[in-house]
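Engineer: Okay, here's the structure, questions in a sec.
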Amino acid sequence: MDNKRIAVYGAGSLGTVIGAFLSQAGLDVTLVDVWQENVDTLNTQGAHVVGTTDITVPVKASTPDDLEGKFDIIFLLTKQIFNDSVLAKIKTILADDGTLVSLQNGVPEKFIATQLPEKNIVAGAVEFGATAQGAGKSELTTVYDRFKEFAFKIGELDGRDTERIEDIKAVMDNVGETVISDNLIGTKWSKLLINASFSGLSAATNSTFGDVANNDIGIQAILSIMNEGLEAGAADGITFDNIGDKNFDYLKKPADGFTDDQIALVRSIMTPSFGLKASMLQDLEKGRKTEVHDINGVIVKTGDEHNIDTPFNDFVVATVEKAEQTGTLPVFDDSVAQLADMLK
């Protein structure tokens with residue numbers, strides 16, 4: 001795929017990292033963003049990735065309006081709240097035999113497939129974290145070795161192992177090791193449980209992943225959010241991917257409460273990302289709308305469809321919505337106190 005034209009659509013925290021490493025590998029990559037200052041900085045100063053590494057890579061960047069020609073691969077990293085306009089643009093720049101790789105949070109592929117032919121869609125999950133640090137700069141918050149060892153999961157919508165998915169894996173391996181999944185929906189739902197619990201609570205408590213997970217109430221809330229997702233997803237016919245080397249069913253709550261082993265497993269799996277601040281919290285800090293309805297809201301909606309209560313996901317949605325409406329960030333101790341009451 002050396003001659004393929006590649007676009008990273010959404011040059012935010014994750015897109016900057018991905019674009020930097022793909023460009024460093026010598027691929028023909030264009031980073032796409034609506035923020036003109038970001039585009040200008042990327043073009044003049046390069047993509048600067050700090051945190052658990054420190055590299056500056058010359059890159060090409062463009063606003064959507066200034067894009068020219070067709071792209072063979074487009075990595076989609078914008079927020080779902082913009083999908084109507086973003087996908088309308090992508091229709092005009094994706095080659096007829098090109099591939100859109102959806103790396104958005106949540107489970108957006110059903111909607112994307114109403115806008116583009118399924119044959120042009122591959123989807124996956126980003127397995128590392130990053131925090132935006134201003135124009136042209138992103139902080140990689142996942143431990144560097146872990147990032148290089150496991151950066152993505154991707155898969156065909158029908159689960160087949162194809163030449164195309166192997167070729168795309170080869171491209172993405174330039175960022176970090178990419179795993180091919182034959183259970184894409186299960187992969188996305190498994191990632192959704194991680195996002196809903198860690199990202200959701202990071203936003204709802206105004207803290208990092210580690211702050212939540214290392215708190216006795218926080219870790220119980222994390223597992224409670226996951227359990228609501230497991231129940232709702234199972235009712236919807238989802239077969240979940242593993243968490244580490246364990247089936248997600250291992251995290252189902254026993255009658256006498258979560259076990260020390262369950263708590264230890266979740267903490268150990270997420271330890272490399274403990275420094276991460278959720279993108280939803282970053283949005284709240286900037287006064288922007290979040291993706292909470294495309295993350296925790298998916299579990300709430302699926303639960304409603306199957307008459308399953310989802311109080312912990314309801315809490316995250318309500319708390320984040322309030323922060324959006326008031327422009328006031330949640331207070332960690334107040335949120336933890338509410339969660340403690342819910343756990344009684």
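Engineer: Compute the FRET efficiency between Ala235 and Asp97 as 1/(1 + (r/R0)^6), taking r as their Cβ-Cβ distance and R0 = 41 Å, and round to the nearest 0.05. Please report the intermediate quantities before stating the final value.
Structural biologist: Values: r = 38 Å, r/R0 = 0.92.
It comes out at approximately 0.60.
Engineer: Can you list residues from other chains, or at least 5 along the same chain, whose modelled amide H is less than 5 Å from the amide H of Gly129?
Structural biologist: Residues meeting the amide H criterion: Thr141, Thr142.
Engineer: A follow-up question, please. Rolling a 1.4 angstrom probe over the protein heavy atoms, how many square angstrom per residue are accessible across region 1-77? Working shown, then result.
Structural biologist: On the way: 3230 Å² over 77 residues.
Result: 42 Å² per residue.
Engineer: Consider a paramagnetic label point 7 Å from the Cα of Gln45 along Cα→Cβ; state which residues of region 110-139 have an amide N under 15 Å from it.
Structural biologist: 132-139
Engineer: Quick one: Karplus J couplings for region 295-301, per residue in order, coefficients 6.51, -1.76, 1.60, θ = phi - 60°, nearest Hz, x for Gly and Pro?
Structural biologist: Those phi angles translate into 10, 4, x, 5, 5, 4, 5 Hz.
Engineer: Just check the chain against the gyration tensor rule for me: Cα atoms, a ≥ b ≥ c as the square roots of the eigenvalues, rounded for a/c under 1.5, and otherwise prolate or oblate depending on whether a/b exceeds b/c.
Structural biologist: Working: a/c = 1.70, a/b = 1.45, b/c = 1.17.
Prolate shape, in that a/c is at least 1.5 and a/b is the bigger ratio.
Engineer: Something else now. Could you give the accessible area per residue of region 215-271, probe 1.4 Å, as a whole number in Å²?
Structural biologist: Working: 2650 Å² over 57 residues.
That works out to 46 Å² for each residue.
Engineer: Using Cα centres only, tell me the gap between region 223-270 and region 293-331 in whole Å.
Structural biologist: So the separation of the two Cα centres works out to 19 Å.
Engineer: GNM on the chain, C-alpha springs below 10 Å: top fluctuator among Ile225, Ile74, Ile93?
Structural biologist: Ile93
Engineer: Work out the length of the dipole vector of region 1-55 about its Cα centre, built from +1 on the beta-carbon of each Lys and Arg and -1 on the beta-carbon of each Asp and Glu, and round it to the nearest 20 debye. Mind dumping the intermediate values first?
Structural biologist: Details: 2 positive and 6 negative charges, 36 e Å.
Dipole of region 1-55, to the nearest 20 debye: 180 debye.
Engineer: Pairs of Cα atoms under 8 Å, at least six residues apart: use those to get the relative contact order of region 143-242, whole percent.
Structural biologist: Details: 109 pairs, mean separation 26.2, N = 100.
Worked out over region 143-242, it gives 26 percent.
Engineer: On to the next question. Which distance in nm do the two modelled labels at Asp261 and Asn183 give, with both placed 7 Å along the Cα-to-Cβ direction?
Structural biologist: 2.0 nm
Engineer: Heavy atoms only, probe 1.4 Å: what % of the accessible area of region 92-134 goes to carbon and sulfur, would you let me know?
Structural biologist: Working: 750 of 1530 Å².
That fraction is 49 percent.
Engineer: Something else: Can you list residues whose amide H is under 5 Å from Ala47's amide H, if they're 5+ apart or on another chain and H is modeled 1.01 Å from N?
Structural biologist: Val57, Val59
Engineer: Using each residue's phi in region 43-52, evaluate 6.51 cos²θ - 1.76 cosθ + 1.60 at θ = phi - 60° and report the 3J(HN,Hα) Karplus result to the nearest Hz, with x for Gly and Pro.
Structural biologist: Karplus-based 3J(HN,Hα) across region 43-52 equals 5, 8, 10, x, 8, 9, 10, 10, x, 7 Hz.
Engineer: Put one equal scatterer on each alpha carbon of region 197-301, apply the Debye formula with no solvent term, and list log10 I(q)/I(0) at q = 0.09, 0.10, 0.20 1/Å to two decimals.
Structural biologist: After summing over all Cα pairs, the log10 values are -0.23, -0.28, -1.11.
Engineer: Taking a ≥ b ≥ c as the square roots of the eigenvalues of the Cα gyration tensor of region 1-119, is the shape rounded (a/c under 1.5), prolate (a/b larger than b/c) or oblate? Mind dumping the intermediate values first?
Structural biologist: Details: a/c = 1.70, a/b = 1.51, b/c = 1.13.
Prolate, since a/c reaches 1.5 and a/b exceeds b/c.
Engineer: Could you give the length gained by full extension between Lys252 and Leu343, i.e. 0.36 nm per residue of separation minus their alpha carbon distance, to one decimal place? Each step should come with its number before you reach the end.
Structural biologist: On the way: separation 91, 0.36 × 91 = 32.76 nm, distance 1.55 nm.
Result: 31.2 nm gained on full extension.
Engineer: Out of Phe111, Phe21, Phe312, any idea which swings most in a Gaussian network model of the chain, alpha carbons joined below 10 Å?
Structural biologist: Phe111
Engineer: Let me ask something else. Counting helices only, and only those DSSP H runs with n ≥ 4, report the 222 nm mean residue ellipticity of the chain as the sum of -39,500 (n - 2.57) divided by its residues, in deg cm²/dmol to the nearest 500.
Structural biologist: Working: 15 runs with 154 residues, N = 344.
Taken over the chain, the calculation gives -13500 deg cm²/dmol.
Engineer: Would you please give the residues with an amide H less than 5 Å from that of Ala7, counting only those at least 5 places away or on a separate chain, with H modeled from the backbone geometry?
Structural biologist: HN-HN under 5 Å from Ala7: Thr30, Ile73, Ile74, Phe75.
Engineer: Follow-up. Explain nothing, just the number: relative contact order of the chain, from Cα pairs under 8 Å at least 6 residues apart, as a whole percent. Working shown, then result.
Structural biologist: Values: 656 pairs, mean separation 51.8, N = 344.
So the answer I get is 15 percent.
Engineer: What does the C-alpha gyration tensor say about the overall shape of region 74-232? Classify as rounded when a/c is under 1.5, otherwise prolate if a/b is larger than b/c, or oblate. Show your work: numbers first, answer last.
Structural biologist: Details: a/c = 1.66, a/b = 1.56, b/c = 1.06.
Since a/c reaches 1.5 and a/b is larger than b/c, the shape of region 74-232 is classed as prolate.
Engineer: Just Leu14, Leu103, Leu265 to compare: in a GNM of the chain, with alpha carbon springs under 10 Å, which one fluctuates most?
Structural biologist: Comparing Leu14, Leu103, Leu265 in a Gaussian network model of the chain, the most mobile one is Leu265.
The values are calculated or read from the model by the stated rules, or taken from the named source; none is laboratory data. Quick caveat, the model's predicted, so the values are computed rather than measured. Cβ sites come from the backbone with ideal geometry, for glycine too, and all protein chains shown count toward neighbours. Just so you know, the surface numbers come from the protein's heavy atoms only, side chains and all, with ligands and any DNA or RNA stripped out. Shrake-Rupley method; radii C 1.70, N 1.55, O 1.52, S 1.80 Å.
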